[in-house]
Amino acid sequence: MNGIDLQQSFVELLAGLGLTPAVARALWMPLPMLLVILVVTVGALASTWLERKISAAAQQRIGPEYAGPFGLAIPAADVVKLLIKQTTIPAQSDPLLFVIGPVIVFISVFLSFLVIPFGQNLVISDVGTGVFLVIAISSIAPIGLLMAGYSSNNKYSLLGGLRAAAQSISYEIPLALAALAVVMMSNNLSTIDIVNQQAGLGILSWNVWRQPIGFVIFMIAVLAECERIPFDLPEAEEELVAGYQTEYSGVNFMLFYGASYANLFLSALLVAILYLGGWELPFPIDRVAEVLRIPESSSIWQIVAAFLGITMILLKAFAFIFLAILLRWTVPRVRIDQLLDLGWKFLLPIGLGNLLITAALKLAFPVAFGG
Amino acid sequence: MEKIAENRTIIQYLPYVTRWDYLATMFTEAITVNAPEKLADVPVPRRASYIRMIMLELSRIASHLLWLGTFIADIGAQTPFFYVFREREMIYDLFEAATGMRMMHNYFRIGGVAADLPYGWLDKCEDYCHYQLEKVDEYEKLITNNPIFRKRVEGVGKITREEAINWGLSGPMLRASGVKWDLRKVDHYELYDELDWELQWATEGDCLARYFVRVREMRESCKMVLQAIKQIPGGSYENLEAQRVLGGPKSEWNSIDYQFISKKPSPTFKVPNGEHYVRVEAPKGELGVYLIGENSVFPWRWKIRPPGFINLQVLPQLVRGMKIADIMAILGSVDIIMGEVDR
Amino acid sequence: MMKFLSKVGDYAKDAVQAAKYIAQGMAVTFDHMQRRPITVRYPYEKLIPSERFRGRIHFEFDKCISCEVCVRVCPINLPVVDWEYNAEIKKKELKSYSIDFGVCIFCGNCVEYCPTNCLSMTEEYDLSTFDRHELNFDNVALGRLPTKVTDDPMVTPLRELAYLPKGVMEPHAVDHTERRAGKLPVEIIESAQEQSES
């Protein structure tokens, strides 16, 4: 299974125009980055729109209606509004940290998309340490939140920042443990290999069936990482005004806001990749090609397959986002000590147990659990 | 508010009182007319009393609904807030049809109510009560057993029976601590004795118990309104009118029992000599007025005992040693309205 | 060992229970997604104010006898009644009458106690102006009638709960011209007479 290699064809195209392969490769480099930034931004904006529409529907309201068809222009209007708003920096704050904070959060989230594959070759870089990289980079975000909380010189902000740090650190561990179990089965940290290892039998070969406990742990931990209800303690508006965001406005606020939704999108994609078979269809697509007698290497088939793959991974990701949004509008918020209890006393031991069981099963049934 | 009362006639003062507790407006009006009514021994027709009870219980449901929404929103779930507003809107639609305003009704009068119910009103009220009973079940499905909700409120903000009595708490705060005390049962005012209803109470004394008491009270109030609709003398307004026409000028349907007001109070209604304390069971607790009259159009003293103010006193000792997040849950479960706390 | 296992079992049972109840809650919110929004889209749809709605006050100049009862029952003695005693006809002659709706709380006491019914409440509730002094209505402005919601071609009128047919809980579900709940007294009389005849 190769899939189309866009880079290869692009380089060949330019080489045909008389450029040296090195220049052609250099010209290729910014393209996927731009594309991914675009996709992530659109994904995050779509999530905000979905949030509004789904919350409205769950509350028997209409939600955005007149801004564009079905209010689709609302996220764009949001961005424009926040861009042209004045950014205020509180007089008693630490201006440097105050500005750097949101930037760090924003960049760290966007950086994680480096290793998120949308198809066999639709990834910026197939790093060997894929999942590890995502987990490592996402640990940077709490530093930004802490900076923001500290530099605002506001007790609510500080409390929010501290809560964010505590929460991120505690939930990083079950998150990593759950991912580790998946990695153990695929013998590889690379996101692409993890997906490929789930191919073959369609929906039956997805990791959800082999890692049900890990799946649940990962979902809970990822929700906590995204700071969404029921785990949105850092910005609990009834208690802490808006947590670390209290003093932010304009562009700086937009960075936080955008990062939080980009983070949700990232988490949804991670869930799709690690547990729901990434871009794999619920039925093995190769068999379909065989039945239809289409040669797997024909370019049209390749394009159709890649298109289906992108659709599938986005569908899975947005299914998770839908679930997260519905959950947000259904349940109350947990208390900080209960949150940490859940992280350390429930998810951590279960995560460890899950890892042990996975290892044992791997030794016992190498066929089913990736020997 | 108390000083304003001292230089207004009761008629002039009535529009003000809905601003005390602007979520249970009917109760403030009820106490404002009950106080001079009892002092001057003004009779209240049975029909008027039934209309009052229906209005009071609807108002209680509205108040508890809003409490439920804000309480859950304080804990972090926003959605029930919209659900309760959907139902509360219906109560206010009913109020608007009967009284002319959604919140500031100015509907109760000394000796009855301002006007009879409009035609078709009782039918829709019945519709509403059945609808509301269904919806309460839905809220319970959404909230009651939610593990996060349970963890946030169970055992939080505990008040023992003795503490509750010593702090002078009233209403659901008191009943949730295991005291069977409801002024509707204790004082026998209006015609609550003619309805078949049960006092709702719990013994735990924590936020969850208060939640249960209020939710059950909502159900109970719905049932009381349904009974009152069946038992109201003369039935619906349209029926009463028809019977009056059929019965002619001397029919029994013109007797005092079937009037909505005994006698329209004159603008110079005098508060007679004497002093007394009158109270009603408002959704938040005991709402009372201590009235001193000196046979003039203005009351000499008009002391208000608002339930929210007195229930709020217990907050500092409840939150001692708790987490910040618990303050929200406890304050939410106390159910205060700043309009009557700082009146 | 058995103790530990039973503890793990309890733990698992609790977790499953919790998941079940959260799923139950989500079923409720999910079910709401297919229900019709109850929103009244205000400028395009408007609720018809009830018959007893206490909106802006209407005043009939010719009916007024300048008795000033409205002033005496008003919580803040708001209406300004400017009259002069006419010795020829031995009557008070009204010169002007005004109410400041920036101050009025629409309690309706003046309407209730007016002996000649020269005051009445209209269904007008949107009184916003750019200058608060514009809210001080004199007897000419008080004599104007508001436009009805049902007459406005730009607006879809919706009825409030009390005016919907029996069993209907939502204004969107029926047209506003459909009959509301309850019979008219006339109809009850007719049916009663028919019954007694048969």
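The values are calculated or read from the model by the stated rules, or taken from the named source; none is laboratory data. Nothing here was measured: the structure is a model prediction, and the numbers come from that model. A quick note on method: Cβ atoms are made from the backbone with ideal geometry, for glycine too, and the neighbour counts reach across all protein chains shown.
For the reader, a short list of remarks on this structure follows.
- Count - residues of region A:283-306 that are loosely packed, with under 13 Cβ neighbours inside 10 Å and either among the polar types (S, T, N, Q) or within 30 Å of residue A:220 (Cα to Cα) (or both): 4
- Test: residue C:73 is within 10 Å of chain B (Cβ to nearest Cβ) and buried (at least 18 other Cβ atoms within 10 Å of the Cβ): yes
- Screening residue B:118 on (1) in a helix (DSSP H, G or I); (2) within 12 Å of chain C (Cβ to nearest Cβ); (3) more than 19 Å from the chain's Cα centre (by Cα) shows it passes everything except condition (1).
- Looking only at region C:60-70, and only at residues there that are more than 14 Å from chain B (Cβ to nearest Cβ) and touching a strand residue (DSSP E or B) at 6+ places or on another chain (Cβ under 6 Å), the one that is farthest from residue C:124 (Cα to Cα): C:66
- Note on region B:217-252: residues that are within 12 Å of another protein chain (Cβ to nearest Cβ), assigned to a helix (DSSP H, G or I) and crowded, with 20+ Cβ neighbours inside 10 Å amount to 5.
- Any chance residue C:22 is more than 37 Å from the chain's Cα centre (by Cα) and within 14 Å of chain B (Cβ to nearest Cβ): yes
- In region B:297-310, residue farthest from residue B:29 (Cα to Cα) [restricted to those that are in contact (Cβ under 8 Å) with a residue 60 or more places away in the chain and not in a loop (DSSP other than H, G, I, E, B)]: B:310
- Summed over region C:141-166, the residues that are without any contact (Cβ under 8 Å) to a residue 60 or more places away in the chain and either buried (at least 17 other Cβ atoms within 10 Å of the Cβ) or in contact with a helix residue (DSSP H, G or I) (Cβ under 6 Å, 6 or more places away or on another chain) (or both) give a count of 4.
- If the condition is being within 14 Å of chain A (Cβ to nearest Cβ), part of a loop (DSSP other than H, G, I, E, B) and not charged (D, E, K, R), then region B:311-343 contributes B:321, B:322.
- Candidate set: region C:36-54, residues that are of a type outside the set (A, V, I, L, M) and more than 9 Å from every other protein chain (Cβ to nearest Cβ); chosen: the one surrounded by the fewest Cβ atoms within 10 Å (Cβ to Cβ): C:43
- Entirely in region B:1-97, the helices (runs of 4 or more DSSP H) that have 1 or more residues that are crowded, with 24+ Cβ neighbours inside 10 Å, within 19 Å of the chain's Cα centre (by Cα) and within 14 Å of chain A (Cβ to nearest Cβ): B:46-75
- Contact annotation: no residue pair with Cβ atoms under 7 Å, 6 or more positions apart or on different chains, pairs a residue in region B:135-153 that is more than 10 Å from chain C (Cβ to nearest Cβ) with a partner that is surrounded by fewer than 20 Cβ atoms within 10 Å (Cβ to Cβ) and of a type in the set (Asp, Glu).
- Test: residue in region B:261-273 that is farther than 28 Å from residue B:18 by Cα and more than 27 Å from the chain's Cα centre (by Cα): no
- Unique residue being in contact with a strand residue (DSSP E or B) (Cβ under 7 Å, 6 or more places away or on another chain) and hydroxyl-bearing (Ser, Thr, Tyr) when the list is B:170, B:221: B:170
- Of all residues in region A:61-83, those satisfying the criterion of being more than 26 Å from residue B:81 (Cα to Cα) and exposed (fewer than 14 other Cβ atoms within 10 Å of the Cβ) are A:69, A:76, A:77, A:80, A:81, A:83.
- Test: residue in region C:168-180 that is in contact (Cβ under 8 Å) with a residue 40 or more places away in the chain, surrounded by 17 or more Cβ atoms within 10 Å (Cβ to Cβ) and farther than 26 Å from residue B:55 by Cβ: no
- Qualifying residue in region C:84-95 (condition: aliphatic (A, V, I, L, M) and loosely packed, with under 12 Cβ neighbours inside 10 Å): yes
- When B:193, B:206 are checked against the criterion of being more than 14 Å from chain C (Cβ to nearest Cβ) and without any contact (Cβ under 8 Å) to a residue 40 or more places away in the chain, B:193 stands alone in meeting it.
- Unmet criterion (only one of (1) surrounded by fewer than 20 Cβ atoms within 10 Å (Cβ to Cβ); (2) part of a helix (DSSP H, G or I); (3) touching a Leu at 6+ places or on another chain (Cβ under 7 Å)) for residue B:180: (2)
- Taken over region B:208-223, the criterion of being closer than 17 Å to residue B:183 by Cα and in contact with a Pro (Cβ under 6 Å, 6 or more places away or on another chain) is satisfied by B:213, B:214.
- Residue A:40 vs. criteria without any contact (Cβ under 8 Å) to a residue 24 or more places away in the chain and either out of contact with any Ser or Thr (no Cβ under 8 Å at 6 or more places or on another chain) or assigned to a loop (DSSP other than H, G, I, E, B) (or both): no
- Region A:58-100, residues that are at pLDDT below 85 and within 14 Å of chain B (Cβ to nearest Cβ): A:63
- Look at (1) surrounded by fewer than 17 Cβ atoms within 10 Å (Cβ to Cβ); (2) among the β-branched types (Val, Ile, Thr); (3) more than 12 Å from every other protein chain (Cβ to nearest Cβ); (4) over 17 Å from the mean Cα position of the chain (by Cα) and you find that residue C:99 fails only one, number (1).
- Of note, residue C:150 does not satisfy the criterion of being polar (S, T, N, Q) and in a loop (DSSP other than H, G, I, E, B).
- Where a residue in region A:94-123 is within 21 Å of residue A:43 (Cβ to Cβ) and its partner, wherever it lies, is acidic (Asp, Glu), with Cβ under 6 Å and at least six apart: A:121/A:5
- Checked against (1) closer than 26 Å to residue A:317 by Cα; (2) touching a Phe, Trp or Tyr at 6+ places or on another chain (Cβ under 6 Å); (3) of a type in the set (Phe, Trp, Tyr), residue A:10 passes all but a single condition, namely (1).
- Considering region A:325-371, and only residues there that are in a helix (DSSP H, G or I) and of a type in the set (D, E, K, R), the residue that is farthest from residue C:13 (Cα to Cα) turns out to be A:362.
- Check on residue B:214, assigned to a helix (DSSP H, G or I), touching a residue at least 60 places away in the same chain (Cβ under 8 Å) and closer than 18 Å to residue B:59 by Cβ: yes
- Spans of helices (runs of 4 or more DSSP H) in region A:147-252 with at least 3 residues under 23 Å from residue A:325 (Cα atoms) and among the polar types (S, T, N, Q): A:155-186
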